[in-house]
Structures are given as structure tokens and as C-alpha cells.
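The values are calculated or read from the model by the stated rules, or taken from the named source; none is laboratory data. None of the values given here were measured: they were computed from a predicted structure. Positions of Cβ are backbone-derived with ideal geometry, glycine not excepted, and every protein chain shown enters the neighbour counts. Keep in mind that these areas ignore ligands, DNA and RNA; they rest on the heavy atoms of the full protein, side chains included. Shrake-Rupley method; radii C 1.70, N 1.55, O 1.52, S 1.80 Å.
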Amino acid sequence: MDSVPSGFSLDGDDLLGIALLLVSLIVVPLLAILVLAWVELVLIVVVLPFAVAWRLVRGRHWYVEVRRGFRPWWEVDAGSWSASRERIADVAEQIRRGQTPERTLDVPELEHP
């Protein structure tokens, strides 16, 4: 310990050691968060155009859903945009005639106080 000037210790008991410890406990996690955020942003910018192009070329499946109030009741994969439009019209007509679709979604009921 000859290289350490007298009055200083390396165990964190002095003011400089405490200040360095606090700075490292605050700065290191913040720098890690900033680096991870930048990496995520770069990945999004690089991957997003390809993901959008893939969805446009491949298409997307649409779902038709029936709700009772705010609770989901019934859902079906309708396929393409035009197929979902036809399915919505069919289900709406069945509901108008009083034929509610059988429940396919098992959502727990919320208790109201």
C-alpha cells in the first residue's frame, strides 16, 4: 500500500470513494439502458421495412369477434379482408334473428363491488 497517499483508503470509507461508488451505481446502469435502447432502435429501423413488406406480400388473417357488452364472447379466424367482411355480415344477420353464437372465448367474469 505504499502507492496510496496517507489519509486515503481504498475501502470506500472516504468521501472520494463514496462519490465514485455512487456515480458508478448510477451512471453504469443508465449507460447500459441507453446502449440497449439504441441497439433496439437500430434493430427496429433495420427490420421494420422488411417486416412491413412481408406483411404486405403475404397478407394478414383477420378475426371476427362478438362481444356481449364489453366482454369478448365469440371469435373466429375469418381469413382475408373480404372473407372477414362476409363473415361479419353473416354473424350480424344471425344475431338479428336471435341466434347468438355459442361462446368460444373463456374470459373470466369480473366481480363488481
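Annotations for the structure displayed:
- Positive minus negative residues near residue 62 (Lys, Arg vs Asp, Glu; Cβ under 13 Å): 0
- Residues with amide H under 5 Å from that of residue 79, placed H, sequence gap 5 or more: 62
- Under 5 Å between amide hydrogens, built in the peptide plane, is the criterion, and for residue 14 it picks out 9 among residues at least 5 positions away or on other chains.
- Alpha carbon centroid spacing (whole Å) that separates the range 69-96 from the range 22-53: 40
- Carbon-plus-sulfur accessible fraction, the range 11-113 (probe radius 1.4 Å, protein heavy atoms only): 68%.
- Loop-located chymotrypsin sites (Phe, Trp or Tyr not before Pro) in the range 43-113 (DSSP state not H, G, I, E or B) with no more than 14 neighbouring Cβ atoms inside 10 Å: 70.
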